[in-house]
Amino acid sequence: MIYDGECGFCRFGMRQLAVKGVDYKPFQDAAIQEQFPEIPKSEFHRSIQYIEPTGTVYTGAEAVFRSLAVDSRKRKRMFLWLYRKIPGAAFVSETGYKAISKHREFLSLFVGNRCETCQ
């Protein structure tokens, strides 16, 4: 999972979402940019990126749910199932993700982390 390491809200979110078996790295890490040159920096600013071992890249809410599905506990895997199987769930999830993403500077105030890159 690659996220904006300079965004307070993003750092907070990654701590809350962390599951065993998923590596969490800020896109500002030079090694990440070298490893994934096909992902434009603007995409990292726009959304988190979850990259599966196969190389498949997922973004936004789907990235969150796919990372949670790595967890062996059924309740965390349930979110991906809902996202994929319930009509409208993907749309609602992605719309919510985009709304939160657009307001992460404001939301950073509530988690006590300054957002250095939010616009």
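Residues in segment 12-38 that are among the aliphatic types (A, V, I, L, M) and at pLDDT 90 or above: V22, A31, I32.
Restricting attention to segment 35-58, the residues that are part of a strand (DSSP E or B) and over 15 Å from Y24 (Cβ atoms) total 1. Within segment 8-22, being touching a strand residue (DSSP E or B) at 6+ places or on another chain (Cβ under 9 Å) and in a loop (DSSP other than H, G, I, E, B) holds for one residue alone: V22. In segment 6-17, the residues that are at positive phi form no Cβ pair under 6 Å with any partner that is in a helix (DSSP H, G or I) and buried (at least 19 other Cβ atoms within 10 Å of the Cβ), whether six or more places apart or across chains. Count of segment 59-70 residues, restricted to those that are hydroxyl-bearing (S, T, Y) and assigned to a helix (DSSP H, G or I), is 1.
Applying a threshold of 8 Å to beta carbon distances and a minimum spacing of six or more residues, or different chains, the list of pairs starting in segment 63-83 at a residue that is under 21 Å from Y3 (Cβ atoms) and touching a residue at least 60 places away in the same chain (Cβ under 8 Å) and ending at one that is crowded, with 19+ Cβ neighbours inside 10 Å and of a type in the set (G, A, S) reads A63/S47. Residues in segment 27-42 that are touching a Phe, Trp or Tyr at 6+ places or on another chain (Cβ under 9 Å) and either under 23 Å from G96 (Cβ atoms) or aliphatic (A, V, I, L, M) (or both): 3 in all. The residue of segment 67-101 that is nearest to F9 (Cα to Cα), among those that are among the basic types (K, R) and over 13 Å from the mean Cα position of the chain (by Cα), is K76. Checking each residue in segment 71-83 for being part of a helix (DSSP H, G or I), surrounded by 13 or more Cβ atoms within 10 Å (Cβ to Cβ) and of a type outside the set (A, V, I, L, M) picks out K76, R77, F79, W81, Y83. The residues of segment 44-60 that are surrounded by 11 or more Cβ atoms within 10 Å (Cβ to Cβ) and out of contact with any strand residue (DSSP E or B) (no Cβ under 7 Å at 6 or more places or on another chain), listed by number, are H45, R46, E52, G60.
The values are calculated or read from the model by the stated rules, or taken from the named source; none is laboratory data. This one's a predicted model, so the numbers in the text were calculated from it and none came from an experiment. Positions of Cβ are backbone-derived with ideal geometry, glycine not excepted, and every protein chain shown enters the neighbour counts.
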